[in-house]
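Working notes, structure below.
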Amino acid sequence: MAKDKILTLLGFCKKAGKLIAGTEKVTELIKKGGPCLVMLSQDISPKTEKELKYHASGTNAVFIRLQFDRETVAHATKTTAGVLATADEGFSKAISQGGND
């Protein structure tokens, strides 16, 4: 059930215009230094994760690995990226808590 909630939250986040998708755009967000939640699909390479975390050192970025592959994330968000982020506090909190109320 919580998995379905996370996918739903990702879809709402996208529709609200609060979801950043793609490695380059997420890297730009991280470099701005503000608080953000970075979400990685389960099939993202360790190299990509390492590079993102390198850029995030000294920032307020929080990383989580989603329990979904890119295809599942794409279905929920209508985007093909496996690297996602949001700087929205409400969505960040809800998603990082696993969709639990």
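The values are calculated or read from the model by the stated rules, or taken from the named source; none is laboratory data. Just so you know, these numbers come straight off a predicted model, no measurement behind them. So basically every Cβ, Gly included, is an ideal-geometry build from the backbone, and we count neighbours across all protein chains shown.
Residue-wise test of (1) touching a Lys or Arg at 6+ places or on another chain (Cβ under 8 Å); (2) closer than 17 Å to SER92 by Cβ; (3) at pLDDT below 95.
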| position | (1), (2), (3) |
| --- | --- |
| LYS5 | no, yes, yes |
| LYS14 | yes, yes, no |
| GLU24 | no, no, no |
| GLU51 | no, no, no |
| TYR54 | no, no, no |
Open item on the list: With the condition being of a type outside the set (S, T, N, Q), surrounded by fewer than 20 Cβ atoms within 10 Å (Cβ to Cβ) and within 11 Å of the chain's Cα centre (by Cα), I'd like the strands (runs of 3 or more DSSP E) fully within the chain carrying at least 1 qualifying residues.
Closed with: 61-65
Open item on the list: Being of a type in the set (Gly, Ala, Ser) and either free of Cβ contacts under 8 Å to residues at least 12 places away in the same chain or under 16 Å from GLY11 (Cβ atoms) (or both) is the filter here; which residues of region 83-97 pass it?
Closed with: ALA85, GLY90, SER92, ALA94
Open item on the list: Could you check region 45-80 and list, in sequence order, the residues that are farther than 26 Å from THR8 by Cβ and either in contact with a His (Cβ under 7 Å, 6 or more places away or on another chain) or not acidic (Asp, Glu) (or both)?
Closed with: SER45, PRO46, LYS47, LYS50, LYS53, TYR54, HIS55, ALA56, SER57, GLY58, THR59
